[in-house]
Amino acid sequence: MNRCAGVLMNVSSLPSPYGIGVFGKETKEWIDRLSQMRFSVWQVLPFNMLNIEGSPYGSCSAFAGNVLYIDPRGLVEMGLVTEKQAATCEYDGSPYTTDYGFARKTRMALLETAFKAVTPKVQKAIDVFCQKHDWVEAFALYMAVKEKNKETPWWEWDKAEASYEACVKNADLYRERADFWRFAQYLFFKQWEEIHTYAQSKGVRVLGDMPIYVSMDSADVWSHTDLFLLDQRTYRPDKVAGVPPDYFSEDGQLWGNPLYDWDRMKKTGYQWWIDRVKTALELYDSVRIDHFRAFASYWAVPATAKTAKEGKWEIGPRQELFDAIGAAFAEPPSIIAEDLGSFGEDVIALLESSGFPGMRVIQFGFDPGGDSTHLPHNYPMNCVAYVGTHDNNTLLGWLWEASEEERRFALEYCGFDGHDWGEGGYHSRSCRRIIETVWKSAAKLAVISFQDMCGFGSDARMNIPGIAEKNWRFRTTKETIDAMDRDYFAHINRLFRRG
């Protein structure tokens, strides 16, 4: 990778008429803006199906795409719905907030209409898509059986349906609804392929995101119970995933995801993980693996625990997993390791042996008495340097909420010599000094969130870790994107040789 720069902006945050960003013309216009500003990387959050809170980190499938990103106008172009039918998805609420409830209700209704209009030509394309993607069958069957059971968790289904193997034998009972979900996934991948190809034509690579864990209530666990640490009689875990107390939470974070049976994974040659990485690199040019440190050692919390404090470290698969993944590709896969949070010598060793770039976040570096690895003068070339991630406060929000000592050190370190540090907006002087400090670093890739490009405050942050509600809702407008200082970002990308 040459020295370059990128922007973190999730698809859900993009403008569209539909209450959520979609794979439409607005996405292509966003890619045009990136190219004009000399950015060559667009980072997105996971494309997985969302949970009820809108989080892409609690999905019902590690492979399936979020059907809410399907553009209704694309269905009109395919002749599957009319313009009048597509207009039922148009949203008249706030353009600054993603409305997942509205998008889910209207998009699913439109997809049902489109499904009834599938032609033999489209059906042939669906069949070809499914033949190329083995995971679709288990996902489609899971969704069909889940609908029949009124969306209850799969371990609460009767014994026959809680068994994936039994459902496969009786697949004809669920065929129509499974066909619908095959159709929906075909549309997602078809529309994204067009957007991805357009990005590549503009010199913009897509950096995706892969959650390390999957949801307990998912097609993955239901169809592969043997790959997870579950009681094979009750299908319930004894231990679940989380992280110990850290920067974000004094109690740690109790995620509740089932843990992998790494011994069993090893016996299969880590094939599930190989398939997962291959699918990710079909969608993206590079992929960031979230919570990478759990491959070195992971925090296992008793399922009955009230907080993550009660967990302990267990040994992960380490380099053996990535040797197996690497052997499955003709060229080394482009992977970035999210190595934030609780650190240790085992994580350092795994990063070194894998060769993957890790991450640095300047907001974590401003300890006035320390020499943090997150301070840009300590960045190695082989890392991705962030102004802030989707879990961080915005840069302006951080400045306002930092202690006076932290803020004074940050502003001095970054060369800000004024008194108006609290002023935000597109031309915020304090934010620009910090951004430029990251851009000057040796890191091959520097990334900024869209919110920080605009100098927005903490009300625009994407996520507050450990808080389940009211996250993932940030959204913007075409007018806001147009108002950005494009010349400034083109200038610093050129000046610091990232353009």
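Before moving on, here are some points about what is shown:
- Overall form of region 218-309 per C-alpha gyration tensor (a/c, 1.5; a/b vs b/c): oblate
- Here the convex hull built on the C-alpha positions of region 446-499 has a volume of 96 cubic angstrom per residue.
- Once the Cα-Cα distance is subtracted from the 0.36 nm per residue extended length, the T268 to N170 segment shows a gain of 32.6 nm.
- Local net charge near L14, Cβ-Cβ under 10 Å (Lys/Arg +1, Asp/Glu -1): 0
- Averaging Cα coordinates gives a centre for region 144-199 and one for region 440-499; these two points are 36 Å apart.
- Compactness of the chain is given as radius of gyration and Dmax, 22.7, 71 Å, from Cα positions.
- Net lengthening on full extension, T113/K150 (0.36 nm per residue, minus Cα-Cα): 11.2 nm
- Tensor-based shape of region 249-373 (alpha-carbon gyration tensor, a/c under 1.5 rounded, otherwise prolate or oblate): oblate
- Here is the result for region 100-195: no chymotrypsin sites (Phe, Trp or Tyr not before Pro) lie in DSSP coil with at most 11 other C-beta atoms within 10 angstrom of their C-beta.
- Put simply, the convex hull of the Cα atoms in region 71-193 casts, on average, a shadow of 9.0 nm².
- Around V301: net Lys/Arg minus Asp/Glu count, Cβ-Cβ under 12 Å: 0
- Checking the cross-link pairs K121/K278; K239/K312; K124/K190; K28/K470 against a 21 Å limit on the alpha carbon distance flags K121/K278; K28/K470 as lying beyond it.
- The alpha carbon convex hull volume per residue for region 307-387 rounds to 136 Å³.
- Legend: Rg and Dmax of region 379-499, from Cα coordinates, 14.5, 41 Å.
- Summarised as an ellipsoid, region 132-274 has semi-axes of 27, 26, 15 Å, derived from the eigenvalues of the Cα gyration tensor scaled by 5 and square-rooted, with the largest first.
- Derived scalar couplings between HN and Hα for region 452-459 equal 6, 5, 9, x, 7, x, 5, 5 Hz in order, rounded to whole Hz, by the Karplus curve 6.51 cos²θ - 1.76 cosθ + 1.60 (θ = phi - 60°), x for Gly and Pro.
- Overall form of region 1-83 per C-alpha gyration tensor (a/c, 1.5; a/b vs b/c): oblate
- The ellipsoid that matches the Cα gyration tensor of region 177-229 has semi-axes, each √(5λ) in whole angstrom, of 30, 18, 6, with the longest given first.
- Shape analysis of region 148-189 based on the Cα gyration tensor places the equivalent ellipsoid semi-axes at 21, 13, 9 Å, largest first.
- Sparsely packed loop sites in region 99-208 (the GluC sites (Glu not before Pro) outside DSSP H, G, I, E and B with at most 13 other Cβ atoms within 10 Å) comprise E151.
- Centre-to-centre, using Cα atoms only, region 3-66 and region 225-264 are separated by 28 Å.
- Spin-label pair S403/D127, simplified geometry with 7 Å Cα→Cβ offset, distance in nm: 6.7 nm
- In units of the rule-of-thumb radius 2.2 N^0.38 Å, region 108-148 shows an alpha carbon radius of gyration of 1.30.
- Net charge of the neighbourhood of S353, taken over other residues with C-beta under 11 Å away and scored Lys/Arg +1, Asp/Glu -1, is -3.
- Gained length - S163 relative to E352, 0.36 nm times residue gap less alpha-carbon distance: 63.9 nm
- Of the trypsin sites (Lys or Arg not before Pro) found in region 73-146, those in coil by DSSP whose Cβ has at most 14 other Cβ atoms within 10 Å are K116.
We did not get these values from a lab; they are worked out from the coordinates using the rules stated. The structure presented is a predicted model; accordingly, all values stated were derived computationally and were not measured. Glycine gets a Cβ as well: all are built from the backbone with ideal geometry, and neighbour counts include every protein chain shown.
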